1. Give me the accessible area of Tyr188, 1.4 Å probe, in Å² rounded to the nearest 10.
2. Rounded if a/c is under 1.5, else prolate if a/b beats b/c, else oblate: with a ≥ b ≥ c from the C-alpha gyration tensor eigenvalues square-rooted, which is the range 51-120?
3. Please give the Cα centre distance for the range 9-43 versus the range 220-239, rounded to the nearest Å.
4. Out of Val201, Tyr218, Phe239, whose Cα points farthest toward the positive end of the dipole of the chain (charges: +1 Lys, Arg; -1 Asp, Glu; placed on Cβ)?
5. Taking the alpha-carbon distance from Lys204 and a cut-off under 15 Å, which aspartates and glutamates remain once sequence neighbours fewer than 8 residues away in the same chain are dropped?
6. When a/c reaches 1.5 or more, the comparison of a/b and b/c decides; with that in mind, is the range 187-239 rounded, prolate or oblate per its Cα gyration tensor?
7. For Lys125, which aspartates and glutamates qualify as cross-link partners when the Cα separation must be under 17 Å and same-chain residues fewer than eight apart are set aside?
8. Ranking request for peptides 106-117, 222-233, 39-50, 140-151: highest mean number of other beta-carbon atoms within 10 Å first, then the rest in descending order.
Amino acid sequence: MVRFVYAPDLTTDRRNIIRQALIHWEANTNVRFYNATGEPTVDPTYGFAYPYIEFVNSTVNSSHVGRIGGRQVINLAFFQPTSAAIHEIGHAIGLRHEQSRYDRDNSININLANVVDSLEHNFNKYTSNYYAVGSIDYNSVMMYDSDAFAINPAIPVMTKKLDGSTWTGGDILSDSDRRWANSIYRPYVARSDTYAELAPVVYKSDNTVMTASERLAYQAYLNNGNSTPPNCCRLPNDF
Ligand SMILES: [Zn+2]
């Protein structure tokens, strides 16, 4: 469950885009978000700071990669496509750029001579602490377009080693984006008690959906053998 809040001054256009992006993530993956706007940021009983995302107005789009503890912001510029919000949320839940994969050099050429020096970090390669599924995915919502950050947009920054061709990165979650998230997250229902209730649709790591009996068995496994949630304690959770 990923806790988030909307900044108090977040514009309506941004909020609508973020809402669409959250719904897209939930419909296609096991990732679940909890709207904690207006709620305490510190646990009232134990005093620890909740980890949460705050969506804020900005002139750029950016996010930390993964959970950092306490408040972390997702910046969203004015008038962005929903794909931009899907992408930044992807960072917050742990995804790096697809072109940063440890094995990307097997598949793509990167022409850093055509990238502004201060932006070259966008093409860093991460060889540790990086979980990737399958092979490089040109349709990933985390994949840049071939001409991203190009000084001369007529010359691609990235090309496929296979045939020199170019691509446009994905606008929605790809199959491998979904496999990545479905391998890591469980679709919990927001509750005030400690019962780990699963949403009706639980994806397996290959993006197929658990059968009803598989889901119940999994829910029992998560709750010391008890497959039945207490008939209480569900929290309202609207985006
Ligand atoms: Zn990014």
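1. For Tyr188, the solvent-accessible surface is approximately 60 Å².
2. The shape class here is prolate.
3. Taking the Cα centre of each part, the range 9-43 and the range 220-239 sit 21 Å apart.
4. Tyr218
5. Within reach: Glu26, Asp175, Asp177, Glu214.
6. Because a/c hits 1.5 or more and a/b fails to exceed b/c, the range 187-239 counts as oblate.
7. Counting by Cα, and skipping residues close in sequence, Lys125 has these aspartates and glutamates nearby: Glu98, Asp103, Asp105, Asp117, Asp137, Asp145.
8. 140-151, 106-117, 222-233, 39-50
The values are calculated or read from the model by the stated rules, or taken from the named source; none is laboratory data. The model shown is predicted, which means the values in this text are computed figures rather than measured ones. Positions of Cβ are backbone-derived with ideal geometry, glycine not excepted, and every protein chain shown enters the neighbour counts. The protein model used for the area step is the full one, side chains on, heavy atoms only, and it has no ligands, DNA or RNA in it. Shrake-Rupley method; radii C 1.70, N 1.55, O 1.52, S 1.80 Å.
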